[in-house]
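Structure, as structure tokens:
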Amino acid sequence: MFDPGQVRSALARRASSEDIVVPRWERPDWFATLPLAGLEEDQVWREYVVDRLPKMSQDATTIANYAFTEMLNNAIDHSGADEVAIGLWSGAFEVRFETRDWGAGALPHVQERLGLEDLYDALGELVKGKTTTDPSRHTGEGIFFTSKAVDVFTLESGGLRWTVDNLRDDQAVGGSEITHGTRVRWEIDPAGTRTLSEVFHAYYTDDDYRFDRTKTVVHLFGIGVRFISRSEAKRLMRGLERFREVELDFTGVEDVGQGFVDEVFRVWPRDHPETVLTPTGMNGPVEFMVRRGLPTPSPGDRRID
Ligand SMILES: Nc1ncnc2c1ncn2[C@@H]1O[C@H](COP(=O)(O)OP(=O)(O)OP(=O)(O)O)[C@@H](O)[C@H]1O
Ligand SMILES: [Mg+2]
């Protein structure tokens, strides 16, 4: 039987008062703290989770299985923590999961291992995808695809919260009380019809089925709605040459400066001719600046739009 008092005291023991959760996330239907040594994510799914799920469509079950095992694998392989806490909210209309560890923290870990300037840079790299600190054993797909496969995904670490809301097609960054370790929460409609393979295929290039396409949300890369400088552009574009096709989503960006536009649309494509950039979601002033800044195509040039 689930005992809310036990859960609260476990949370309090593990994470002290920093972890006061919003009421919606307060009382899991199932909760366990498991030692990470020797833990296997698919075994946890089979042993503890499957029988506690409500009636779910096959498509939703496949996504839940993928998301759960990927996020638990991250705690196992990357956190360096001793234990992981797992919570499950199993409603007829909504299934929610939480994975919490008190290890390195996804954002500080990526920042440190990849030598990035700050946590926002680390978040930017996770948003792009194919970001891994362990390239010999991992490909950097887990967070990218999980965040796009579930309905709403949040990853918190280093005092930041990254939310990917696929119901509203929106992403946001805000503050979080999680300063130590990582907390990932996500939810899915048990009757959902989105398939995992359609999520993969949206980012796999058709000819070789490789994760070669990404969509980057520009407004996550700065503070505010204006992107003026060349250095902001460099932060946005860093590493995007690892993809063959890149969609730059300008939704929510109100203004861009000449230096930014020149770097993104002239300098970077000149240095990385193998990657095709597609800007989307531009408003009037942004579109004006981008079109003005684009190099005039000569016959035979590849178009950027
Ligand atoms: N719980 C965690 N604790 C510490 N670092 C984490 C945690 N979760 C993710 N990370 C960091 O984020 C990076 C990206 O995670 P992601 O799951 O997207 O890719 P990956 O695990 O490296 O590769 P793949 O998921 O394809 O096996 C990891 O390489 C790791 O550095
Ligand atoms: Mg992973």
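Here are the numbers for the structure shown:
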read-out: Prolate/oblate/rounded label for region 4-195 (Cα gyration tensor, a/c 1.5); value: rounded
read-out: Partners for residue 128 among lysines (Cα-Cα distance below 25 Å; same-chain residues under 8 apart left out); value: 148, 215, 234
read-out: Long-range HN-HN contacts of residue 215 with modeled amide H, under 5 Å; value: 247
read-out: 20 Å reach of a label modelled at residue 139, 7 Å along Cα-to-Cβ, counting backbone N of region 36-77; value: 41-42, 62-77
read-out: Under the Karplus curve 6.51 cos²θ - 1.76 cosθ + 1.60, θ = phi - 60°, whole-Hz ³J(HN,Hα) for region 141-156, x wherever Gly or Pro sits; value: 10, x, 5, 4, 6, 4, 5, 9, 8, 7, 6, 9, 10, 10, 10, 10
read-out: Only Lys, Arg (+1) and Asp, Glu (-1) charged, at Cβ; region 4-195 dipole about Cα centre in debye; value: 340
read-out: Cα gyration tensor, region 164-272 - rounded (a/c under 1.5), prolate or oblate; value: oblate
read-out: Taking region 74-208 and dividing mean pair separation by its residue count, relative contact order in percent (alpha carbons under 8 Å, at least six apart); value: 25
read-out: Length gained when the stretch residue 51-residue 272 is fully extended (0.36 nm per residue, less Cα-Cα span); value: 74.6 nm
read-out: Among beta bridges that DSSP assigns inside the chain, antiparallel share in %, nearest 5; value: 75
read-out: Separation between Cα centres of region 201-249 and region 34-60, rounded to whole Å; value: 33
read-out: 5 angstrom amide H check on residue 294, placed H, neighbours 5+ away; value: none
read-out: Residues 165, 121, sorted so that the one with the fewest Cβ neighbours within 10 Å comes first; value: 165, 121
read-out: Highest-fluctuation residue, 157, 136, 79 considered, GNM on the chain with Cα pairs under 10 Å; value: 136
read-out: Residues in region 250-276 reached by a label modelled at residue 205 [backbone nitrogen below 15 Å; 7 Å Cα→Cβ]; value: 272-276
read-out: Separation in nanometres of the label points that stand 7 Å from Cα toward Cβ, at residue 39 and residue 254; value: 4.4
read-out: Dipole moment magnitude, nearest 20 debye, region 137-229 about Cα centre, only Lys, Arg, Asp, Glu C-beta charged; value: 340
read-out: Sequence-separation-based contact order of the chain, relative, with Cα cut under 8 Å and 6+ spacing, percent; value: 14
read-out: Region 212-293, relative contact order [Cα under 8 Å, separation at least 6], %; value: 35
read-out: Helix-derived mean residue ellipticity, 222 nm - over the chain, DSSP H n ≥ 4, -39500 (n - 2.57), to 500; value: -9000 deg cm²/dmol
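Read-outs: derived from the displayed coordinates by stated rules, not from any lab. Here the structure is a predicted model, which means the values were calculated and not measured. Don't worry about glycine lacking a Cβ; one is built from the backbone with ideal geometry, like all the others, and counts go over all protein chains shown.
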